[in-house]
Amino acid sequence: MRADLHIHTFHSKDNHQTLQDIFQAAKRKELGAIAITDHNTIEGAMAVMKSAPEWLLVMPGIEITSEDGHILALNVQQDIPKGLSARETIGRIHRAGGIAVAAHPYRKWSGLKESDVRRNKFDAVEAINGRNTPGCNQRVLDLALELGLPMIAGSDAHKSSSIGAAITVFPDSINSLEDMIRAILNKQVLVEGSGRRAKETLSYGSRSIAKWMRRGMRRL
């Protein structure tokens with residue numbers, strides 16, 4: 001089963017894709033599951049779970065802005081405060097019944113540092129992110145392998161055309177969210193995808209700086 005475990009909806013402040021946009025893209029890319037991970041809110045994930053077609057598994061999640069960088073909370077159904085340390089954020093995720101994933105480490109502006117990944121007890125690492133450069137993804141893959149951590153992949157899609165750019169491949173026997181979490185933790189998944197080319201990265205960087213300035217130089 002193919003799954004994209006990092007997708008944003010219009011509930012994130014930096015994109016506008018609708019729920020139907022996501023469902024249509026998931027079907028087009030032959031995905032069996034997705035994770036909705038809006039910035040610092042569970043609202044988008046809960047809305048997608050309520051309206052998703054029967055053929056699509058939806059894992060609720062959040063991309064949390066910790067004081068150290070972004071952290072994915074997968075399989076949670078409640079908001080988790082932003083601005084806490086990575087350690088406290090991980091603890092909150094676990095108490096909410098989810099798993100904590102180091103989101104796109106090494107990325108400037110929002111990624112965790114290597115030292116943050118090493119000193120905190122993450123359940124998994126986002127080894128391939130569709131908005132990272134291939135070189136950055138390779139560094140994350142190498143780190144995850146060195147530390148022996150489970151891995152996932154996700155597009156980090158903020159528009160429907162990007163959905164499926166990076167995917168986590170699960171065994172075909174998977175049929176529930178609990179099965180998905182178990183497979184991740186037991187390293188029974190594969191990660192696929194590449195990343196953004198240099199030209200796309202420069203364009204993205206320019207847009208990100210402009211949005212950052214419009215937000216009053218605050219991180220999402």
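Where both residues lie in the range 24-183, what percent of DSSP beta bridges are antiparallel, nearest 5?
Taking every DSSP beta bridge with both residues in the range 24-183, the antiparallel ones total about 45 percent.
For q = 0.21 Å⁻¹, what log10 I(q)/I(0) does the range 83-195 give under the Debye formula with an equal point scatterer on each alpha carbon and no solvent?
-1.24
Could you tell me which trypsin sites (Lys or Arg not before Pro) in the range 9-116 are loop residues by DSSP with no more than 12 other beta carbons within 10 angstrom of their beta carbon?
Within the range 9-116, the qualifying trypsin sites (Lys or Arg not before Pro) (loop, at most 12 other Cβ atoms within 10 Å) are LYS108.
Which GluC sites (Glu not before Pro) from the range 135-198 combine a DSSP loop assignment with at most 13 other Cβ atoms within 10 Å?
none
Can you compute the FRET efficiency between GLU88 and ARG28 using 1/(1 + (r/R0)^6), with r the Cβ-Cβ distance and R0 = 35 Å? Round to the nearest 0.05. Please list the in-between numbers first.
Values: r = 39 Å, r/R0 = 1.12.
E(calc), rounded to 0.05, equals 0.35.
Mind checking the full-extension length gain between GLN138 and SER173? Use 0.36 nm per residue of separation minus the Cα-Cα distance, one decimal, nm.
The GLN138-SER173 span can extend by a further 9.7 nm.
Relative contact order of the range 2-214, please, whole-number percent, based on alpha carbon pairs below 8 angstrom and at least 6 residues apart.
19 percent.
Of ILE184, ILE7, ILE62, how do they rank once you tally other Cβ atoms within 10 Å and put the fewest first?
With the sparsest Cβ surroundings first, the list reads ILE184, ILE62, ILE7.
Under 24 Å from the Cα of LYS50, which lysines turn up, not counting those fewer than eight places away in the same chain?
Correct list for LYS50: LYS13, LYS27, LYS29, LYS159.
Ignoring everything except DSSP H segments at least 4 long, calculate the 222 nm mean residue ellipticity for the chain; use -39,500 (n - 2.57) per segment, divide by total residues, nearest 500. Please report the intermediate quantities before stating the final value.
Values: 7 runs with 75 residues, N = 220.
For the chain, the value works out to -10000 deg cm²/dmol.
Just the projected area, averaged over all directions, of the convex hull on the alpha carbon atoms of the chain: how many nm²? Before the final figure, lay out each step's value.
Numbers: hull surface 42.2 nm².
If you wrap the Cα atoms of the chain in a convex hull and average its projections, you get 10.6 nm².
For the range 62-128, run through the GluC sites (Glu not before Pro) and keep only the ones in DSSP coil with at most 14 other Cβ atoms within 10 Å of their Cβ.
Of the GluC sites (Glu not before Pro), the ones in loops of the range 62-128 whose Cβ has at most 14 other Cβ atoms within 10 Å are GLU67.
Among DSSP beta bridges whose residues both lie in the range 1-101, state the antiparallel percentage, nearest 5.
DSSP beta bridges in the range 1-101 are roughly 45 percent antiparallel.
Here, each number is a calculation from the coordinates, and none is a lab measurement. None of these values were measured; they are calculated from a predicted model. With ideal geometry, Cβ positions are generated from the backbone for all residues, glycine too; neighbour counts draw on all protein chains shown.
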